[in-house]
1. Hey, can you tell me all the residues within region B:187-205 that are surrounded by 15 or more Cβ atoms within 10 Å (Cβ to Cβ), more than 7 Å from chain A (Cβ to nearest Cβ) and part of a helix (DSSP H, G or I)?
2. Look at B:L85 and say whether it is more than 14 Å from every other protein chain (Cβ to nearest Cβ), within 13 Å of DNA strand C (Cβ to nearest atom) and at pLDDT below 95.
3. Against the condition within 10 Å of DNA strand C (Cβ to nearest atom), of a type outside the set (A, V, I, L, M) and closer than 17 Å to A:L139 by Cβ, how does A:P68 come out, does it pass?
4. Taking the condition of being surrounded by fewer than 19 Cβ atoms within 10 Å (Cβ to Cβ) and under 19 Å from A:I147 (Cβ atoms), how many residues in region A:48-80 meet it?
5. Just one of the numbered conditions (1) within 14 Å of chain B (Cβ to nearest Cβ); (2) more than 16 Å from DNA strand D (Cβ to nearest atom) is not true of A:F95; which one?
6. With region B:14-83 as the region, which helices (runs of 4 or more DSSP H) entirely inside it contain at least 2 residues that are over 25 Å from B:R122 (Cβ atoms) and within 15 Å of DNA strand D (Cβ to nearest atom)?
7. Looking at (1) in contact (Cβ under 8 Å) with a residue 24 or more places away in the chain; (2) among the hydrophobic types (A, V, I, L, M, F, W, C); (3) in contact with a Lys or Arg (Cβ under 7 Å, 6 or more places away or on another chain); (4) within 10 Å of chain A (Cβ to nearest Cβ), can you tell me which one B:F154 breaks?
Protein chains: 2
Amino acid sequence: MTQSTWGNDMAPKKTVPLRDKQITRRRLISAVGSLLAKKGFKGLGVNAVAREAGVDKVLIYRYFDGLPGLIAAFAQQEDFWPSTLEMAGGDLAQFSELPLDEKLALFAASFIQALKKRPLTRAIMAWEMIEPNELTEELERVREESIMAFFQMFFAKDRTGIDLQALVMLVGAALSYLAIRADNIDVYGGLDLATDQGWDRIASAVNMVIHHVIPPA
Amino acid sequence: MTQSTWGNDMAPKKTVPLRDKQITRRRLISAVGSLLAKKGFKGLGVNAVAREAGVDKVLIYRYFDGLPGLIAAFAQQEDFWPSTLEMAGGDLAQFSELPLDEKLALFAASFIQALKKRPLTRAIMAWEMIEPNELTEELERVREESIMAFFQMFFAKDRTGIDLQALVMLVGAALSYLAIRADNIDVYGGLDLATDQGWDRIASAVNMVIHHVIPPA
DNA sequence: GACATATGTCACCAGTCGGTAATATAACGC
DNA sequence: GCGTTATATTACCGACTGGTGACATATGTC
């Protein structure tokens, strides 16, 4: 990016580069974000990112050692994946005292909300499905760790005798799939993915399943 | 593709083009399939398809009016989506007489098998998630119709009072997601996606849910 | 045989991609 | 002022993309 040193009076053809490494870095990082949100991971190349940032692409190599490095930097500073706290509904202590079925229901509702407000996360999840590379593998690893830690913390020592882990992951998989699809289609198998009412119906169905599988104490 | 007119005795440098439109068309169509299975929809371009078919890319334009036309021709002749019969386990009459919970369980098992043996379908499903275009929309429409027809035929007039449609679609979404992920990763949330045992566990969890939600009569 | 048509190959185009070297300019120390 | 370093731009490279026109060869008809 360049900026004019003078006003418009002198009709200055020359512009003055900013020459601020930190600002340039931030420009590039946020360009990844906006580009990812706008186009998805399609067209996420050095040229496009540099264009979006208004900066020369060579700086991607100088500051980040290439596009993977830049994307890694982007991923680090983004909360692209919901935290344990968020998946627990915002209050860990309170969450831990809930009966099992309510824990699961709260988790499902929180997970829906978390996905709904993260278009970038949905884009990255879609990305992971079709282009495995060293970056998506890293994001993958972080996510697997996070979700396993969450599961261990709250569901590990159940004595219901049912496969709680498989149940949680099935719900997570279904919600992930529907959230991603919602970016492309309005209806899936008759389910309305475009409106809040449609998602309320989905959440209700999940709750119904949970409360049938785990009868309240 | 070319083939030698003589044996190897004359050391023939020249090869003779086949000059059979139907064969060439088939070569191109099947090249789309194998390329889709090998690389997914990434690198599914005119150049790559022509290379895979061993044919010049200009024929794609001449015979199919471009890549979309070729892909449409490919999609028409493929059973890329399981039929109602297949989703019912192979015997419609028998299926229709099962109690509801067993219907659902059989559907889930059949759906898993159907996805497992269709790498192209998985690739296309992944494609639909990120690149909506006129082709994927068509496939989408076919699929939505098919799945709704199946649902209507067997589950419409339930009187359990629960949201059966949402339940079926949740299961379908979860299984679709896991099947697609299985092409990229071996483990999802602790679930083993790479082995038959892992999928048995998933199927068991689905059955568990079904039988809890819909108690056998 | 001659000719027209169907089929296939080749060569090229402009555009984009990831990547790099050479250069210009700003900022800072002296 | 001078020189050095940090920052950014320009210009280019080879490879690939989708797409097209000119050409070559085989097939079928008369």
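The values are calculated or read from the model by the stated rules, or taken from the named source; none is laboratory data. Keep in mind the model is a prediction, meaning the values are calculated, not measured. FYI the Cβ positions are ideal-geometry reconstructions off the backbone, even for glycines, and counts take in every protein chain you see.
1. B:G198, B:W199, B:A203
2. Working: more than 14 Å from every other protein chain (Cβ to nearest Cβ): yes; within 13 Å of DNA strand C (Cβ to nearest atom): no; at pLDDT below 95: yes.
Here the answer is no, as B:L85 does not meet what is asked.
3. Yes; evaluated as a whole, the condition is true for this residue.
4. 3
5. (1)
6. Hits in region B:14-83: B:21-39, B:58-64.
7. Of everything listed in (1) in contact (Cβ under 8 Å) with a residue 24 or more places away in the chain; (2) among the hydrophobic types (A, V, I, L, M, F, W, C); (3) in contact with a Lys or Arg (Cβ under 7 Å, 6 or more places away or on another chain); (4) within 10 Å of chain A (Cβ to nearest Cβ), B:F154 misses just condition (4).
For every residue, the table says whether it meets (1) over 14 Å from the mean Cα position of the chain (by Cα); (2) within 9 Å of chain A (Cβ to nearest Cβ); (3) part of a loop (DSSP other than H, G, I, E, B).
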residue	(1), (2), (3)
B:V142	no, no, no
B:I147	no, yes, no
B:Q165	yes, yes, no
B:M169	yes, yes, no
B:Y177	no, yes, no
B:I180	no, yes, no
B:I185	yes, yes, yes
